[in-house]
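Asker: The structure that follows is given in the form of structure tokens.
We did not get these values from a lab; they are worked out from the coordinates using the rules stated. A quick note: this is a predicted structure, and the numbers were derived from the prediction, not measured. Here Cβ is always computed from backbone atoms with ideal geometry, including for glycine, and neighbour counts include all displayed protein chains.
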Amino acid sequence: MFYKGFELKILKNIRVLDFGRYIAGPYCGALLGDLGAEVIRIERLEGSEDRFIHPLKDEGGEGAMFMQMNRNKKGMTLNPTKEGSATIVEKLIKSADVVIANLPPQTLKRMGIDYETISKYNPGIILTTVSAFGAGGPYSERVGFDGVGQAMSGAAYLTGNESEPVKAYSPYIDYGTASLTAMGTLAAIIERNQTGKGQIVEGALFATSLAFMNTHLIEQSITKKNRKAIGNRSPYAGPVDMVETKDGWIVVQVLGDTLFKRWANLIGAEDLLNDDRFSTDINRGVNGEILSKKTSDWASQYTNEEALNLLANANVPAGPVNDLQDALDDPHVKAMNFFQDLEYPGIPGKSPVMGLPVKLSNSDNTIERRPPILGEHTEEILIDLGFTNDEIDEFKEKRII
């Protein structure tokens with residue numbers, strides 16, 4: 001049971017400066033904000049490019065990515081490369097606990113937020129960085145996005161069909177890297193509480209992609225099977241596939257002898273229980289086409305709802321293949337209140353934004369702050385740092401903020 005009404009914010013005394021872009025940096029910041037940290041999103045004066053990805057109205061403006069990545073954050077604009085900006089950067093760093101920046105090392109240095117510089121201002125500062133490949137190898141200076149990690153780890157090669165590699169639609173490498181660097185940042189905060197020292201937390205998209213494919217890479221290293229893509233089936237068990245019903249598609253995933261017996265009894269395929277071709281998970285994976293055909297023939301008699309009810313009653317894992325609207329309308333999604341509807345100036349309607357996807361019984365998961373409009377809290381933050389109104393006006397004139 002999860003308890004509501006608690007006000008505990010685990011990171012309530014932690015200030016995070018988020019210089020991130022796109023997903024891997026900003027989502028890390030969002031997760032820390034969900035846990036109660038004060039997160040300040042620092043953008044270019046004209047707005048960072050990720051503010052406008054997937055625009056939510058025809059004439060442009062803020063996009064869906066920004067709505068998700070920048071909940072529970074304050075927003076300020078700053079050009080840290082502009083002459084006269086160093087005093088702002090220094091005061092920000094001295095006031096902060098964590099700096100997030102998924103930017104190349106040379107860019108960090110040019111902005112004055114590399115670890116060598118900021119640790120002089122604040123020995124306890126934690127610098128959380130994300131790059132495509134990590135420092136030290138021959139690809140260290142290369143740039144890359146999520147799809148590069150999916151491709152280079154072997155994931156895209158084994159997705160889809162043998163004739164064409166396919167990457168996942170959702171950029172899971174970005175999200176995974178952000179989540180892992182958030183975990184690393186929490187570990188660094190715990191360590192700093194013990195020693196008083198900060199450190200660098202380094203994530204890399206390629207490292208995450210290899211970690212997520214590690215099971216398959218281990219198998220390849222040992223067995224040299226050189227597996228090929230086989231659509232939605234699994235080489236390790238069966239039936240595992242997406243099959244068509246009278247009015248849609250469902251996914252069925254059967255792993256282990258117990259589930260295989262339940263599936264066979266449900267669809268009337270008890271004769272397969274004594275067939276050596278299906279005696280183990282591996283054998284069922286090898287002969288998965290036969291099992292997929294059996295499942296498809298069975299499912300074709302029913303609607304999605306009918307088939308899923310029968311599978312649920314038999315305790316066989318299955319689910320509908322939803323389109324995006326189906327996912328939003330799913331009764332379990334609504335009952336669990338997974339999304340929080342956020343209003344934003346200039347955007348029609350409310351954006352369904354998901355906060356921390358992990359519940360803590362002693363902490364309130366409510367999103368307390370909508371994403372900031374461009375530069376919304378710049379003056380408030382600078383005043384809090386001790387700058388005067390005249391100094392702030394001068395910063396504006398010089399296009400520093």
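Asker: Based on the Cα gyration tensor of region 204-283, what are the three equivalent ellipsoid semi-axes, each the root of five times an eigenvalue, rounded to whole Å and given largest first?
Answerer: Values: eigenvalues 166, 65, 21 Å².
So the three semi-axes of region 204-283 are 29, 18, 10 Å.
Asker: Considering the Cα trace of the chain, what is its radius of gyration and what is Dmax, both in angstroms?
Answerer: So, for the chain, Rg and Dmax equal 25.0, 85 Å respectively.
Asker: Calculated from DSSP H runs of 4 or more alone, at -39500 (n - 2.57) each and per residue, what is the 222 nm mean residue ellipticity of the chain, nearest 500?
Answerer: Values: 17 runs with 157 residues, N = 401.
So the helix-based figure for the chain works out to -11000 deg cm²/dmol.
Asker: If you don't mind, another one. Rounded to a whole number, what is D in µm²/s for region 147-225 from Stokes-Einstein with the Kirkwood radius over alpha-carbon pairs (20 °C, 1.002 mPa s)?
Answerer: Values: Rh = 14.3 Å.
In µm²/s, the coefficient rounds to 150.
Asker: Now for a different question. Just to be sure I understand: of the beta bridges DSSP finds with both ends in the chain, what percent are antiparallel, rounded to 5? Present the calculation step by step, with values, prior to reporting the outcome.
Answerer: Working: 16 of 37 bridges.
Antiparallel: roughly 45 percent of the beta bridges in the chain.
Asker: Given the C-alpha atoms of region 101-140, compute the convex hull and give its volume per residue in Å³. Kindly include the intermediate steps, with their values, before the conclusion.
Answerer: Details: hull volume 2.6 nm³, N = 40.
Looking at region 101-140, the number lands at 66 Å³ per residue.
Asker: Right, another one. Tell me the net charge near Gly349. Cut-off is 11 Å between Cβ atoms, Gly349 excluded, with +1 for each Lys or Arg and -1 for each Asp or Glu. Before the final figure, lay out the partial values.
Answerer: Values: positive: Lys57, Lys350; negative: Asp341, Glu343.
Computed value for this residue: 0.
Asker: Which value, to two decimals, describes the C-alpha radius of gyration of region 7-158 once divided by 2.2 N^0.38 Å? Walk me through the intermediate numbers first.
Answerer: Details: Rg = 16.3 Å, N = 152, 2.2 N^0.38 = 14.8 Å.
Normalised by 2.2 N^0.38 Å, the Cα Rg of region 7-158 equals 1.10.
Asker: If the cut-off is 23 Å between C-alpha atoms, which lysines fall inside it for Lys225, apart from same-chain ones fewer than 8 positions away?
Answerer: Cross-link targets: Lys167.
Asker: Binned at 5 Å from 0, what are the whole-percent values of the Cα-Cα distance distribution for region 98-191, short to long?
Answerer: Percent of pairs per bin, in order: 3, 12, 18, 19, 18, 13, 8, 5, 3, 2, 0.
Asker: Right, another one. What's the local net charge at Thr303, with K and R +1, D and E -1, over the other residues with C-beta under 13 Å away?
Answerer: Values: positive: Lys246; negative: Glu244, Asp247, Glu305, Glu306.
Cβ neighbours under 13 Å give a net charge of -3.
Asker: Next up: Let me have the relative contact order for the chain, percent, based on Cα pairs under 8 Å that are six or more residues apart.
Answerer: Values: 735 pairs, mean separation 79.5, N = 401.
This gives 20 percent for the chain.
Asker: Tell me, how many Å apart are the Cα centres for region 136-183 and for region 51-115?
Answerer: If we compute the Cα centre of each part, the gap is 24 Å.
Asker: If you don't mind, there's one more thing I want to ask. Just want to confirm a number: the relative contact order over region 240-302, from Cα pairs under 8 angstrom separated by 6+ residues, in percent. Mind showing how you got there, number by number?
Answerer: Values: 59 pairs, mean separation 25.2, N = 63.
For region 240-302, the relative contact order is 40 percent.
Asker: Which three lengths, in whole Å and largest first, does region 304-387 cover when its Cα atoms are put on their principal axes?
Answerer: 66, 34, 15
Asker: Just to confirm a number: summing +1 for Lys and Arg and -1 for Asp and Glu over residues other than Glu83 whose beta-carbon lies under 11 angstrom from that of Glu83, what do you get?
Answerer: With Lys, Arg at +1 and Asp, Glu at -1, the net is +3.
Asker: In terms of Cα to Cα distance under 20 Å, which lysines are near enough to Lys261, apart from those fewer than 8 places away along the same chain?
Answerer: Lys293, Lys294
Asker: Shifting gears a bit: Where both partners of a DSSP beta bridge lie in region 90-222, what percent of those bridges are antiparallel, to the nearest 5?
Answerer: Numbers: 2 of 11 bridges.
Antiparallel bridges: around 20 percent, rounded to the nearest 5.
Asker: Now for a different question. If the viscosity is 1.567 mPa s and the temperature 4 °C, what translational diffusion coefficient in µm²/s does Stokes-Einstein give for region 121-280 when Rh comes from Kirkwood over Cα pairs?
Answerer: Details: Rh = 19.2 Å.
Stokes-Einstein gives a translational diffusion coefficient of 68 µm²/s.
Asker: Of all the stretches in the chain, which is the longest one without any exposed loop site, taking chymotrypsin sites (Phe, Trp or Tyr not before Pro) in a DSSP loop (any state but H, G, I, E, B) with at most 12 other Cβ atoms within 10 Å?
Answerer: Counting only loop sites that pass the neighbour cut-off, the longest clear stretch is 170-401.
Asker: OK, next. Beyond 20 Å, what share of the Cα-Cα pairs of region 33-119 remains, rounded to the nearest whole percent? It would help to have the intermediate numbers written out before the result.
Answerer: On the way: 1561 of 3741 pairs.
In whole percent, the share of Cα-Cα pairs in region 33-119 beyond 20 Å is 42.
Asker: Grab the eigenvalues of the alpha-carbon gyration tensor for region 193-237, scale each by 5, take roots, and send me the semi-axes largest first in whole angstrom. Let's see the in-between values first.
Answerer: On the way: eigenvalues 265, 28, 20 Å².
Square roots of five times the eigenvalues give 36, 12, 10 Å.
Asker: I need the Debye-formula profile for region 229-326: one equal scatterer per C-alpha, no solvent, reported as log10 I(q)/I(0) at q = 0.14, 0.24 1/Å, two decimals.
Answerer: Cα-only, vacuum Debye calculation for region 229-326: -0.45, -1.29.
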